[in-house]
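What follows draws every value from the coordinates through simple rules; no lab data is involved. This structure is a prediction, so every number in the text was calculated from the model and none was measured. Using ideal geometry, Cβ is built from the backbone for each residue, glycine included, and neighbour counts are taken over all protein chains shown.
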Amino acid sequence: MSAVRDLVALLAGRQDPAALAPRAWDGVISVARAEALLGTLACRLAEAPLPPPVAALFADQRAAVAVAQAQALWEAEMARRALTSERLEFVLLKGTAYAAAGLSCSEGRQIGDLDILIPWHEVGRVENELLESGWEWVKSDPYDDAYYREHMHELPPMIHRSRDRMIDVHHTILPRTHRRTPDPLVLVSEAVATADGFTVLCPVDMVCHCAAHLLADGDLQGGLRNLWDFHCLTRDFAAADPDFWDRLAARADKHELGPEVARAARLAQALYGATLPAGWSQPRAADRLYVRRLLARDDWGRPTDFLLQQAFYIRSHWMRMPPVLLARHLWTKWRRNQ
Amino acid sequence: MRYGTRLAVGPVQFRIGSDWAAPIAALNRLYAGYPRDEDRPADATVRLFAARPWRRRLRPSVQIGGDFTVPDALPLPLSMGLLAAEMGMNLQVALGWRRHLLLHASAVAKDGRAAILSGESGSGKSTLAALLGEDGWRLMGDEFTLVDPASGDALAFPRAVSLKNAAIAEVAARVDPARLGPLLAGTPKGDIRHLIPRADAVAAMHDPVRPALLLFPRFGGEAAVEPMGEGEAFVRLTEASTNYVALGETGFAALLRLVRETPAFAVSYPDSATGMALVDRLWAEAAR
């Protein structure tokens, strides 16, 4: 079996780690690193019998993730201190939200930038407060800046001057020009508090955002990690709420994300062995392409299947903006690179 | 990948793959005397590959990749494949290693205790360590020194020493030519030639040693020794560490213990002989 399939099977619990050939771990570790899943795998196999060098490496990863998550939560706390003095509230998104809420997908999860969601009408005030509290713009290219502000779902990225950490300020979860338009008012108004007083999306919205991030907002790079998030979130939420899948379907329709949520569920079933309720698992022909794209890595951790990757890249732009705008954007970018 | 090898330097097991045979053959020659465990899973993967398919044969140039890569890294001509491999290995350790506090420093040991030499490139830390390694010391490494947060001990990373420019002739005059790699002339870092550490240094590479002396050498100028306070040594070493921030409190505690328990000195020296004499003098004082 290829290393990427071994990785997926280990996460899903289908592959017995003790039965893996010692040298097969090379590829599993490289692919897991490339997919930002090494910490997740290390936590998943914390109790498993492993070759001693792998056990030692995984222990390192678990310790490293604990530090990185504390740092990510500290960054959220810094944003809270900057914004709450002006009574500005925000919702944590993605990795930091999962860690703040103590969800199982955060076990071992790498967390990149701090992602927050705020209501559209507060964008100007939030921006000012962050700039006054030590964040600054990463790049000051006028076209990019205007592009972000006119068409995107977030402000241009900012970085903190002394802590060197990035923050992405979202006012909705997909670009404004995207074919799908989730309802940001619902996202903010139904957000829920965590034990530590942060705010995160409610379960159905969190899953909708996860599916949108996985399937509607990019070319599926890092897709295995996002799909693992989706799998853990839906499994845990469904275990706590028998009506979860029905409520999820209704909410996904409201956000125009029905097809994405349904496809993410089928992919989680295909790769991670998710259990789906009746009616959720009719396969679609295109699912096979998505699986192939998600598994497009060789045993050295290199991306493979170049044409398929390009196809998904083009698809991501096609979904993000209407053709005329896309043409103008690509033209401007191309001319500037000449 | 088409060609590959596996080798262990200190605690790190590498898997190195390449589109060409030559860099792998050169590595295997340099590391022939190192212990090998073909079945040990790799901690880190390095890839040497052609940036474009035709660059395999047509003016072949080596792109450095692996588990960790740096964006915009320039490829090297195939004649410098060995340097590419070395840079790839360093990169994986610098960006990926989390078990120990990683100091960008050379180190030598004697009687179970270590002198750690930290400095930027050009400070002469590699050359001094290489020369001391031929002069009664055990060479622990010329590039990285690892500090175990649990015990406070220093651990060796004795990769093949990367001798640069004038240091090549200086060291070559003292060692068996069979211990030298090929001359890589005109690399982006100047002329480079690798030195295979002595067999006893390689055999002892897993033996931890207690740090006894922290030195901050500076090549050039009058011979001078200046005691350094804990605070300055701490700050300098945070800058010399690639994983201090990532280790969080563990890294802080390990570094604090190191500077509290180890006397530190800034050392200027006009030539290697003087530098070695100063190290020996400080060592004799520290050992008392």
| request: Take chain A, connect every pair of alpha-carbon atoms lying under 10 Å apart with a spring to form a Gaussian network, then pick out the residue of A:79, A:68, A:21 with the largest mean-square fluctuation. | output: A:21
| Taking the Cβ of residue A:178 as the center, what net charge do the other residues with Cβ under 10 Å away carry, scoring Lys and Arg +1 and Asp and Glu -1? | +2
| message | Taking R0 as 45 Å, what FRET efficiency do you get between residue B:69 and residue B:207 from their Cβ-Cβ distance, rounded to the nearest 0.05? | response | 0.85
| request: With both partners inside chain B, how many of the DSSP beta bridges are antiparallel, as a percent to the nearest 5? | output: 75
| Order by protection proxy (mean Cβ within 10 Å, highest first), peptides B:140-151, B:48-59 | B:140-151, B:48-59
| Taking the alpha-carbon centroid of each part, what is the distance from region A:1-40 to region B:35-98 in angstrom? | 22
| field | residue A:143 versus residue A:2: modelled label distance in nm, points set 7 Å from Cα along the beta carbon direction | value | 3.6
| remark: Each residue of B:36-44 has, on average, a number of other protein chain C-beta atoms within 10 Å of its C-beta equal to 6
| query | Points 7 angstrom from Cα along the Cβ direction at residue A:133 and residue B:191: gap in nanometres? | reply | 5.7
| request: Looking at region B:3-96, send over the antiparallel percent of its DSSP beta bridges, to the nearest 5. | output: 75
| query | Cysteines of the protein assembly as shown lacking any other cysteine beta carbon under 4.7 Å? | reply | A:43, A:202, A:208, A:210
| task | Give the calculated FRET efficiency between residue A:311 and residue A:151 to the nearest 0.05, with a Förster radius of 25 Å applied to their Cβ-Cβ distance. | result | 0.65
| said: Using a 10 Å cut-off around each Cβ of peptide A:293-305, what is the average number of partner chain Cβ atoms that fall inside? | reply: 2
| field | Paired Rg and Dmax values of the protein assembly as shown, which use every Cα atom, in angstrom | value | 26.9, 82
| Extension gain from residue A:253 to residue A:336, taking 0.36 nm per residue of separation minus the Cα-Cα distance | 25.9 nm
| Restricting the count to DSSP beta bridges whose residues both fall in chain A, what percent are antiparallel, rounded to a multiple of 5? | 70
| request: Just name one of A:134, B:233, B:104: the one whose Cα is farthest towards the positive end of the charge dipole of the protein assembly as shown (beta-carbon charges, Lys/Arg +1, Asp/Glu -1). | output: B:104
| query | In the neighborhood of residue B:114, defined by Cβ-to-Cβ distances under 11 Å, what is the net charge if each Lys or Arg adds +1 and each Asp or Glu adds -1? | reply | +1
| Highest-fluctuation residue, A:316, A:162, A:133 considered, GNM on chain A with Cα pairs under 10 Å | A:162
| Mind checking which of A:89, A:136, A:47 has the largest fluctuation in a GNM of chain A, springs on alpha carbons under 10 Å? | A:47
| task | Determine the shielding of peptide B:9-15 by partner chains: average, over its residues, the number of Cβ atoms on other chains within 10 angstrom of each Cβ. | result | 2
| Rounded FRET efficiency, nearest 0.05, which uses the C-beta distance separating residue A:21 from residue B:52 and R0 of 30 Å | 0.35
| said: Once each part is reduced to its C-alpha centroid, what is the distance from region B:221-243 to region A:285-321 in angstrom? | reply: 49
